[in-house]
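The values are calculated or read from the model by the stated rules, or taken from the named source; none is laboratory data. Bear in mind that the values here come from a model prediction, so they are computed numbers and not experimental data. Cβ coordinates were reconstructed from backbone atoms using ideal geometry, including for glycine residues, and neighbour counts include every protein chain displayed.
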Amino acid sequence: MAEEMALPETLLSREKLHGNYDNIVGESTVHLEVLKSIDTFAKSSKVVLISGETGTGKELVARALHAENPHARHAMVTVNCAEIAGNLIENELFGHEKGAFTGAERQHIGLFETASGGTLFLDEIGVLPMPLQPKLLRVLQENEIRRVGGTAKIPVTARVLTATNINLIEAVAAGKFRRDLYERLKSLHIQLPALRERREDIPALAKYFLTKENNCSNQKVTDINPEVLSLFDAYSWPGNIRELEGVIGRAVLLAGGVDILPHHLPPDLQVPQTHPLSLADATVSTNPNIPDYFMLPFPMGTTLKEIEKSAILTTLARENGNRSKTAAVLGISQPTLRAKLHAYEQEE
């Protein structure tokens with residue numbers, strides 16, 4: 001009876017939203033909280049910080065915030081701070097005047113001016129170089145920029161959205177991110193849950209991506225086998241929603257017009273995984289559930305060092321060799337990651 005009463009309330013929560021978020025799939029409680037935050041913050045002109053692991057849909061949230069804002073009459077300008085060399089980011093954001101430096105033969109309009117009247121989305125804000133952070137803070141406070149090599153103050157009206165896959169509180173503590181900038185960003189904060197924290201949304205997401213693949217592919221796959229959905233539920237999804245979309249795309253290609261079956265999945269999804277055993281369960285010998293956990297995702301006798309090495313190299317491969325993303329996913333610092341990778345190279 002309680003479950004029957006809870007369902008209409010869940011549906012009503014989405015119905016109460018003012019914006020259209022049909023492409024942001026999910027009905028779990030944590031996901032609906034994200035949608036409520038988007039709906040609340042969308043009409044504001046204040047900066048929004050979107051945080052979450054790699055692949056959780058931060059850009060999708062940014063686009064929803066833009067679409068439901070009056071600034072949506074202009075295009076959203078996106079810049080990934082991790083993809084631009086540190087010495088070039090200032091020029092990209094603020095532009096430069098002719099003759100500002102060797103090779104500056106003409107004036108260059110930066111992204112803040114380009115996005116003026118619309119939305120500027122600064123992805124991976126956590127890797128913004130320290131010397132540039134106070135300049136960004138000043139822009140957020142004063143709504144004006146100065147081009148490199150220029151003296152004139154130029155008003156800008158871009159609504160700024162930011163995203164990060166690293167813990168900015170830890171970055172502040174480590175001296176890698178300015179506290180005053182973090183305080184400015186965090187006033188409107190949307191924390192996206194990892195896919196493993198909203199497992200009840202996996203079937204709907206998988207079918208959404210299946211429909212999407214069918215619409216843009218010559219392959220027409222009817223359904224997803226229930227055993228596949230069980231494997232999805234047991235998997236840890238380190239790459240989150242982006243990984244799920246990739247798995248479905250691959251499976252549709254391999255299925256060749258039939259239902260998606262377990263053998264259409266990557267090898268690491270074909271073997272059921274067990275959820276981590278808590279410290280309390282591991283240390284209480286009388287726990288009747290302990291035998292259920294005895295299947296390990298690695299051979300018995302594997303050393304902790306070997307497990308760690310496998311986790312690091314697998315994550316590095318999943319992140320296409322991006323060390324900053326790998327460190328963020330693993331929850332370690334980049335110097336620690338570099339040291340371990342160097343040690344692995346010495347072993348070979």
With criteria (1) within 17 Å of the chain's Cα centre (by Cα); (2) in a loop (DSSP other than H, G, I, E, B), T222 comes up short on (1)
Taking helices (runs of 4 or more DSSP H) that do not extend beyond segment 9-99, which have at least 3 residues that are of a type in the set (S, T, N, Q) and over 15 Å from A115 (Cβ atoms)?
29-41
From the option list L122, L140, single residue qualifying as hydrophobic (A, V, I, L, M, F, W, C), within 25 Å of I50 (Cα to Cα) and part of a helix (DSSP H, G or I) is L140
Does segment 134-148 include one or more residues that are of a type in the set (A, V, I, L, M, F, W, C) and surrounded by fewer than 14 Cβ atoms within 10 Å (Cβ to Cβ)?
no
Those residues of segment 315-333 which are among the small types (G, A, S) and in a helix (DSSP H, G or I), in sequence order:
A317, S324, A327, A328
Conditions (1) outside the structural domain of A255 (by TED's automatic domain parsing); (2) among the acidic types (D, E); (3) farther than 30 Å from E113 by Cβ: number failed by E213:
(1)
Filter segment 20-48 for residues that are surrounded by fewer than 17 Cβ atoms within 10 Å (Cβ to Cβ), in contact with a Pro (Cβ under 9 Å, 6 or more places away or on another chain) and not small (G, A, S) and give the result.
V30, E33, K43
Quick count over segment 149-166, residues being assigned to a strand (DSSP E or B), among the basic types (K, R) and either surrounded by fewer than 16 Cβ atoms within 10 Å (Cβ to Cβ) or not assigned by TED's automatic domain parsing to the domain that holds V79 (or both), is 0
